[in-house]
Structure formats: C-alpha cells, structure tokens
Amino acid sequence: PALRLDTISIFPQYFDVLRLSLIGKALAAGLIELHTHDLREFTHDRHRTVDDTPYGGGAGMVMKPEPWGEALDALLGSCPPGTERPVLVFTTPSGEPFTQRVAGQLASAPRLAFACGRYEGIDKRVMVWAREYFEVRELSLGDYVLNGGEVAALAMIEAIVRLVPGVIGNPESLVEESYSPHTEGMLEYPVYTKPARWRGLDVPPVLLSGDHGAVDDWRAARSLETTRARRPDLLGQPPSRS
Ligand code: SAM
C-alpha cells in the first residue's frame with residue numbers, strides 16, 4: 001500500500017513542488033499519496049482567522065486551537081477504522097532534531113501527517129490533545145528559526161520519501177550516504193567524475209588505480225577526516241557550537 005502523506009498549513013501551495021522530480025514520480029507511480037489541507041477551511045468567521053494574541057503577553061500571535069482541532073478531526077475521519085494510529089508531526093524549532101535515523105523510522109509508517117505552524121507557533125493544547133489519537137512527534141529541522149513549518153515539512157518529506165522502497169531507482173545509492181548506518185553515521189567522502197584533470201586539478205590518483213581495497217581505505221580515511229573536522233559530535237565527541 002502507498003504511504004499516505006497529509007499536510008495542514010495556511011499555505012498549501014508550498015507543497016506543489018512535491019510534484020517535481022523523484023517525489024513527483026513516486027506520486028505518479030502511486031508509491032505515495034499526498035493530501036494537502038488549508039487550515040483556513042476549518043475556520044467559521046468572515047476573516048478566516050487562525051491566530052490570536054498570546055496569553056501572558058508578549059510580541060506576535062499564536063495559532064488558535066479550534067481550527068487545528070477541526071482539521072485534525074477531519075484527518076481522523078479519513079482514517080479507516082481499526083487501522084494503526086497515524087504519525088502526526090508538528091514542525092517546531094523546539095522539537096526533537098530531525099535526523100536520518102528519524103527519517104528511517106517515519107519511512108515505515110503507513111500514514112504521516114505534517115502540521116505546519118506560523119506566527120509564534122500553535123497553542124500547546126493542540127499537541128497535548130492530539131497525543132490521544134495520533135503518534136505525535138514534535139520535530140525540528142535544525143537550530144534556526146524559519147517563518148513557518150512548510151519548508152521544514154518539505155525537507156522532512158523529501159528525506160523520508162526517498163527511503164520508501166521503489167522511490168530511488170538504485171537502492172544501493174542509499175547505502176553509502178552521509179549519516180547512513182552503513183557508513184557508521186559518518187559524513188560522506190568527496191566524489192569525482194570525468195575528466196581526470198580539470199582546470200589544473202587532478203582527481204586523486206587512487207580513484208583511477210582500479211585497486212578496490214585501496215579505494216575503500218582512501219574513502220574511509222576521507223570520511224573520518226571530514227567528520228572529525230566538521231561534526232565531531234557524530235564520533236561521540238562534544239558538538240562544536242558554531
Ligand atoms: N516562536 C517560535 C520559537 O521561538 O520557537 C518560532 C515560531 S516560527 C517563527 C513559526 C513556525 O515555523 C513554527 O511554529 C514552526 O512550525 C516553524 N518552524 C520554524 N523554525 C523551525 C525549525 N527549525 N524546525 C521546524 N519548524 C520550524
């Protein structure tokens with residue numbers, strides 16, 4: 001069965017780009033299904049209001065719980081009875097970090113929904129309520145603040161969907177990548193293609209040697225070197241705070 005993806009956002013058009021490239025092909029081939037929902041469809045006032053001022057004061061606006069509640073009720077209504085609880089991702093900079101490992105876990109879920117915040121975020125009671133009916137994950141794309149959850153959800157969807165069997169033509173290409181369990185979570189080595197000499201720069205000779213053992217050793221050494229320099233935290237060393 002196809003992996004079903006739902007997105008809820010005030011800018012559903014953001015997800016149009018999923019119709020392009022490999023994810024677009026996966027959609028066309030029926031490997032995944034995409035349903036985008038406009039949060040404003042679940043409002044009842046003339047201005048289709050989704051935000052209000054924060055309790056406790058402070059700058060900015062907070063997303064009201066009622067439209068979210070109705071949108072999530074509609075989502076539950078579309079789940080066949082007796083099926084596993086869908087995974088519901090809330091994109092938030094205060095979430096657990098989204099990593100390759102999390103992408104792998106989510107790729108095997110039968111149904112995934114993404115709730116995209118805007119303004120100062122969504123009233124916390126929505127997440128608390130949703131835990132009763134969904135497997136809720138609050139996930140952050142990284143240590144920076146975006147204007148909304150759509151771009152975070154797009155990045156997560158791309159990382160998850162490329163792990164769904166059949167989406168990437170050659171599954172071997174998933175094995176040797178950065179962060180993959182097969183490379184012990186390390187960063188990838190540098191890659192080269194033809195010509196062997198370009199603007200005075202040569203491809204490392206070992207790659208032209210035909211000696212597969214030597215190539216593997218060279219790649220492992222470069223992986224370790226890059227990981228040590230850029231992401232010592234991946235080797236169990238304290239993270240660099242840059
Ligand atoms: N006031 C929030 C804070 O300081 O944590 C930031 C809200 S941000 C301007 C609006 C929305 O963008 C968030 O509700 C979330 O959905 C999304 N967002 C922003 N940065 C994100 C990140 N790093 N990862 C995931 N979602 C993010």
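Just so it is clear, none of the values below were taken in a lab; they were calculated from the coordinates. On a predicted model such as this, the values are computed, not experimentally measured, just so you know. Cβ atoms come from the backbone with ideal geometry, glycine included; neighbour counts cover every protein chain shown.
Please say if region 52-188 is rounded, prolate or oblate, where rounded means a/c under 1.5 for a ≥ b ≥ c the square roots of the C-alpha gyration tensor eigenvalues, and otherwise the choice is prolate for a/b larger than b/c and oblate otherwise?
Judged from the Cα gyration tensor, region 52-188 comes out oblate (a/c at least 1.5, b/c at or above a/b).
Using the C-alpha gyration tensor of the chain, what are the square roots of 5 times its eigenvalues, in whole angstrom, with the largest one first?
40, 21, 16
When the label point is put 7 Å from the Cα of Met61 along its Cα-to-beta-carbon vector, which residues of region 128-161 have a backbone N closer than 15 Å?
Residues 148 qualify, since their backbone N sits under 15 Å from the label point.
Which residue fluctuates most in the GNM of the chain (Cα springs below 10 Å): Val126, Val175, Val62?
Sorting by GNM fluctuation, first place goes to Val175.
For region 203-218, take each phi angle, set θ = phi - 60°, evaluate the Karplus expression 6.51 cos²θ - 1.76 cosθ + 1.60, and give the result in whole Hz per residue in order, putting x for glycine and proline.
5, x, x, 4, 6, 9, 6, x, 8, 5, x, 5, 4, 4, 5, 4
Would you mind telling me the antiparallel percentage of the DSSP bridges in the chain, rounded to 5?
Counting DSSP beta bridges with both partners in the chain, the antiparallel share is about 15 percent.
More than 14 Å apart: what percent of Cα pairs in region 99-153 qualify?
61
Modelled label-to-label distance, Glu120 and Arg228, 7 Å Cα→beta-carbon offset: nm?
My value for the distance between the label points is 4.7 nm.
Suppose only helical runs count, i.e. DSSP H with n ≥ 4. What mean residue ellipticity at 222 nm does that imply for the chain under -39500 (n - 2.57) per run, divided by all residues and rounded to the nearest 500 deg cm²/dmol?
-8500 deg cm²/dmol
Within the chain, which is the longest segment that contains none of the GluC sites (Glu not before Pro) sitting in a DSSP loop with at most 15 other Cβ atoms within 10 Å?
1-83
Which lysines, if any, have their Cα less than 23 Å from the Cα of Lys64, not counting same-chain residues under 8 positions apart?
Output for Lys64: Lys124.
Could you list the square roots of 5 times each eigenvalue of the Cα gyration tensor of region 112-232, that is, the equivalent ellipsoid semi-axes, sorted largest first and rounded to whole Å?
Square roots of five times the eigenvalues give 40, 17, 14 Å.
Can you work out the Karplus-derived ³J(HN,Hα) for every residue in region 145-156? Use 6.51 cos²θ - 1.76 cosθ + 1.60 with θ = phi - 60°, whole Hz, and x for glycine or proline.
For region 145-156, the Karplus-derived couplings read 10, 9, 6, x, x, 4, 5, 4, 5, 4, 5, 5 Hz, x marking Gly and Pro.
Gaussian network model of the chain, Cα springs within a sub-10 Å range: biggest mean-square fluctuation belongs to which of Val102, Val164, Val215?
Taking springs between Cα atoms under 10 Å, the residue moving most is Val215.
At what distance in angstrom do the alpha carbon centres of region 183-197 and region 1-29 lie from each other?
30
Suppose R0 equals 41 Å; then what is the FRET efficiency for Gln105 and Asp216 from their Cβ-Cβ distance, rounded to the nearest 0.05?
Efficiency, from the Cβ-Cβ distance: 0.90.
Please give, to one decimal in nm, the separation of the simple spin-label points placed at Thr53 and Tyr144, each 7 Å out from Cα toward the Cβ.
Here the answer is 3.3 nm between the modelled labels.
If I build a Gaussian network model for the chain, linking alpha-carbon pairs within less than 10 angstrom, which residue out of Gly56, Gly142, Gly77 has the largest mean-square fluctuation?
Fluctuation is largest for Gly56.
Once phi is turned into θ = phi - 60°, what whole-Hz ³J(HN,Hα) does the Karplus curve with 6.51, -1.76 and 1.60 give for every residue of region 161-168, x standing for Gly and Pro?
Result, ordered by residue: 5, 5, 8, 6, x, x, 6, 9 Hz.
List Lys25, Lys64, Lys194 from most exposed to least, where exposure is judged by having the fewest other Cβ atoms within 10 Å.
Lys194, Lys25, Lys64
So how tilted is helix 65-77 from the main axis of the chain? Cα-based, degrees 0 to 90, rounded to 10.
That helix lies at roughly 70 degrees to the long axis.
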